[in-house]
Amino acid sequence: MINRRKFLEGMVVVAGSFVGRRAWAQEGKPTLPAVISTWEYGQKANAVAWEILSKGGSSLDAVEKGINRAELDPENDSVGYGGLPNEDGEVTLDAVIMHGPPHAAGAVGCLKRIKPAISVARKVMEKTKHTFLVGEDATRFAVKMGFKEEDLLTEKAKKTWESWKADPKRNSYWSHDTIGMVAVDAKGDVTAGCSTSGLSFKVAGRVGDSPIIGSGAYCDNDIGGAAATGNGDVMMRFCPALVAVELMRQGKSPSEACAASLARISGKGYEAGGALVAISKKGDFGYARLRYADFPHAVRNAQMDEIRKGR
Ligand code: ASP
């Protein structure tokens, strides 16, 4: 397996000069509906979201179903089924969904044996008065809601874990990614969400930034939304998705807002890498990256369906 993230994190430059470089130019006219997702696999997730958005469907359905596409893909080793496990060989999932019109959110952390974590997060939002459920209790809730308990560990992921375990010089974690998605539907309603299996070989019980509202994802129906990927243990200390949305409220473009949000992390001297995608309520796309040499992300509206390299 290619240790892509480790490779990229090796290419560190000085903070500030690389945050959001070239990100200011808005490419393409904003139109609604619109959807943006993290990483190359975001394009397939966007395709599912677009099916819904282009027919006048809601951004809430689009983000849930779009993210499901990544969660159910056994080849995606950092999200949902097929994700790499924790140090004990168990796959645990983190997800959040936030819907603009009611300013409501649902989240699950350390969810076990349920594939579509974002859908469980949506049930938390819609079927309870709570916002965040964790661990075995989140699984029990999911089963009550009709979700099927299944083994999330694929043969491929198990083999990767076994060879990690067998290596006396192993790193504690070496692979991670998150599907983060933000969509604005034809009515102008915003939804943001993300889902991940977190850091591979993480300490059992670890919950990252992804399900934390304002860290992994955030939206405000008057402004737009943002979603994050990267070193969650550090990123969650800065609530970068919330900060990006609040900077958009102050008039920054989505890319400017993402860059300024990540700059707060780089300013504290951490070596952590990460990236943000964002979209304004009008459908302007933006992104920024910190300590990553590039940040592929996928955008889709009526005029474009592309992966941007995010260099
Ligand atoms: N933010 C995720 C986590 O720390 C991983 C990633 O997005 O790369 O769990």
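The values are calculated or read from the model by the stated rules, or taken from the named source; none is laboratory data. This one's a predicted model, so the numbers in the text were calculated from it and none came from an experiment. Because the Cβ atoms are built from the backbone with ideal geometry, glycine has one as well, and the counts that use them run over all protein chains shown. Side chains included, ligands, DNA and RNA excluded: accessible areas come from the protein's heavy atoms. Shrake-Rupley method; radii C 1.70, N 1.55, O 1.52, S 1.80 Å.
Just a few scattered comments:
- The range 163-192 residues that are touching a residue at least 60 places away in the same chain (Cβ under 8 Å), paired with ones that are within 16 Å of the ligand (Cβ to nearest atom) and open to solvent by 70 Å² or more (accessible area, probe 1.4 Å) (beta carbon under 6 Å, 6 or more apart): 174/6
- A count restricted to the range 214-238 and to residues that are of a type outside the set (Ser, Thr, Tyr), within 15 Å of residue 249 (Cα to Cα) and touching a helix residue (DSSP H, G or I) at 6+ places or on another chain (Cβ under 8 Å) stands at 8.
- Restricting the range 212-227 to residues that are in a loop (DSSP other than H, G, I, E, B) and more than 9 Å from the ligand (Cβ to nearest atom), the residue that is most open to solvent (accessible area, probe 1.4 Å): 222
- The strands (runs of 3 or more DSSP E) located wholly in the range 121-206 that include 1 or more residues which are open to solvent by 70 Å² or more (accessible area, probe 1.4 Å) and within 16 Å of the ligand (Cβ to nearest atom) occupy 132-134.
- Residue count, the range 43-81 (criterion: assigned to a helix (DSSP H, G or I), touching a helix residue (DSSP H, G or I) at 6+ places or on another chain (Cβ under 9 Å) and in contact (Cβ under 8 Å) with a residue 24 or more places away in the chain): 18
- Residues of the range 228-265 that turn out to be open to solvent by less than 40 Å² (accessible area, probe 1.4 Å), within 16 Å of the ligand (Cβ to nearest atom), aliphatic (A, V, I, L, M) and touching a Phe, Trp or Tyr at 6+ places or on another chain (Cβ under 8 Å), as a count: 4
- Qualifying residue in the range 158-166 (condition: under 18 Å from the mean Cα position of the chain (by Cα) and modelled with pLDDT under 95): no
- Check on residue 62, within 16 Å of the chain's Cα centre (by Cα), open to solvent by less than 10 Å² (accessible area, probe 1.4 Å) and not β-branched (Val, Ile, Thr): yes
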